[in-house]
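Everything on this sheet refers to the single structure shown next.
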Amino acid sequence: RCHHCPHLPTRPYDKSEKTCVLSEYMEKYPLYPCTLPRDSFKPKNEYKMAQIPVEGISTTKRDYIAHEVLPLKLKEPEKHVKSDESMDLTSTYRQDYNPHPICQVLPCLPREMRDISRAKMDTKSTYEDDYVLWNEPKTEMIRPDDGYHPSEAKFDHRTVVQDDYLYRGPVATQSFKPLNLNQRSKDPFESMTNYRVNYVPHPLEKRYIRQYEKYKPSEVPFDGLTTHKVSYKGLPVKPAKLAKPYQPKPLHDCPFFSTTEFQEKYQAWPLHPIFTKKTVEYVPPVEKMDLHTTTQLHYKHLNGKPAKMCRSLAQLKKNTGPFDSSSTMKEDYKPWVCKRVKPITHAPELTFPDEPMDCLSTFRTHYLPHPLTVTKSYKPAWSGPRPHTLLDAKTIYTTSYTPKGIVKCLASYKDPPGYTFEGTNADGHKLYIPASEGECLKG
């Protein structure tokens, strides 16, 4: 079992009245600090704009010419005329729904009583008590070096398009847009519409001004009580206890082993140099680029006339006689003279009886009720109350397993037998060494 030390610490700077909680588990499994991840060495992607100016001439500015715009004539607003009539302020709610007197409902819950503790609050956190900083040097990285070193040459920030495709200047192209032969009329625009001619403005009614009612304060005095103060009353209750388990404070400075099983068995493999393919140098063409398209070369605008129709006009003869309304359908298919055939009905073979129906089913006529038969019970009779006998408490556990004696802990002795006193620790622990072995006992 793990033995907990009951002594108080004897350090001059530690003035706590709590006992030492050093155990065998705390000595074997200490807490180690965690290391933060390192920052990224990846270069930042910053965008830089090109220094070549953009041409400010577009197709709209080149082809479409601005025309003269005349100012709009605004219509003057008409003056507002107030009405002398008064508005009826009565509503359905005021006529039908009459006010009723309101009485205050008495509370039915007991009054709440709070018990506030006057004890001083311990503001020291668990983190400050348990976790102590260690004076450990920073461990070196086990990750192999990638061998990447950024180039020290200055980056020119030029692309393949800026190096190869040079600006040749604007190309003079011929516009194939048809000419606008429409001529604007110089006559003044007639602004009269059907709305201005037919619709006559009517005089506006006088605007109604609502008279606000005066505020009447309530005559009932305000008590200043809320539902929470009246209904919920506090009860004398003890403050809740802390349910968090007690965590002992580690008091040791054991060094942390930086080597692991993975580092000892799995060693880094030697990296081969990366194969890089040499880029082919680009040679720009000497000839100039032909900017003509297939549409500009083959499809040209021809000033031709529309083709004339070569079909001859059919000469229709006008008939002055009466119109013949007879057709092949009327001459060949003529209506027949026929009579309607009567349906053939057979004589009824089913005869209905003259007597009324009795409405009895087969179950009512054949299945008659029979008297119930009482079955005999074959359950054995009660033999009477059982005699009161004591239960035999002997079991296999009580006969086979015997209790063993309690072994006293060696740390409870003032001078434990078989150990020799060596000295006292800074925390107040007495160190004992066995007479036969080299182990150390803390008391």
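Amide hydrogen proximity for residue 425: with H placed 1.01 Å from N in the peptide plane, the residues at 5 or more positions away or on another chain lying under 5 Å are 430, 431.
Considering only protein heavy atoms, with the full assembly of protein chains and a 1.4 angstrom probe, order 230, 197 by accessible area, largest first.
The most accessible residue leads, giving 197, 230.
Surface calculation, 1.4 Å probe, protein heavy atoms: residue 264 sits at approximately 120 Å² accessible. Taking a ≥ b ≥ c as the square roots of the Cα gyration tensor eigenvalues, region 98-243 comes out oblate, since a/c reaches at least 1.5 and a/b does not exceed b/c.
Within the assembled protein chains, the solvent-accessible surface assigned to residue 202 is about 150 Å², based on a 1.4 Å probe.
With every protein chain present, what is the per residue accessible area of region 98-160 (1.4 Å probe, Å²)?
Details: 7370 Å² over 63 residues.
With the other protein chains kept in place, region 98-160 gives 117 Å² per residue.
Considering only protein heavy atoms and a probe of 1.4 Å, how much of the accessible area of region 27-114 is carbon and sulfur, as a whole percent? Mind showing how you got there, number by number?
Values: 6180 of 10690 Å².
Answer for region 27-114: carbon and sulfur cover 58 percent of the accessible area.
Residues whose amide H falls under 5 Å from that of residue 112, counting only those 5 or more places apart or on a different chain, are 232, 233, 234, with hydrogens built in the peptide plane. Projected over every direction and averaged, the convex hull enclosing the alpha-carbon atoms of region 207-297 yields 38.0 nm². Derived scalar couplings between HN and Hα for region 209-216 equal 10, 7, 9, 7, 7, 6, 7, 10 Hz in order, rounded to whole Hz, by the Karplus curve 6.51 cos²θ - 1.76 cosθ + 1.60 (θ = phi - 60°), x for Gly and Pro.
When 362, 293 are compared by accessible surface with a 1.4 Å probe, the order from highest to lowest is 362, 293.
Here the Karplus relation 6.51 cos²θ - 1.76 cosθ + 1.60, evaluated at θ = phi - 60°, turns the backbone of region 371-381 into coupling constants of x, 6, 9, 8, 7, 8, 8, 9, 6, x, 6 Hz, with x for every Gly and Pro. By accessible area, using a 1.4 Å probe on protein heavy atoms only, region 170-267 has 58% of its surface on carbon and sulfur.
Here the Karplus curve 6.51 cos²θ - 1.76 cosθ + 1.60, taken at θ = phi - 60°, turns the phi angles of region 279-293 into couplings of 7, 7, 6, 8, 10, x, x, 8, 6, 7, 7, 7, 8, 7, 9 Hz, with x standing for Gly and Pro. With a cut-off of 15 Å between beta carbons, the residues surrounding residue 196 carry a summed charge of -1, where Lys and Arg count +1 and Asp and Glu -1.
In the context of the full protein assembly, residue 324 retains an accessible surface of approximately 110 Å², using a probe radius of 1.4 Å and ignoring ligands and nucleic acids.
Figure note: 108, 359 ranked by solvent-accessible area, largest first, 1.4 Å probe, ligands and nucleic acids not counted: 108, 359.
The values are calculated or read from the model by the stated rules, or taken from the named source; none is laboratory data. If you're wondering where the values come from, they're calculated on a predicted model, not measured in any experiment. Quick reminder, even Gly has a Cβ in these numbers, built from the backbone with ideal geometry, and neighbours come from all protein chains shown. SASA here: full protein model, heavy atoms, side chains in, ligands and nucleic acids out. Shrake-Rupley method; radii C 1.70, N 1.55, O 1.52, S 1.80 Å.
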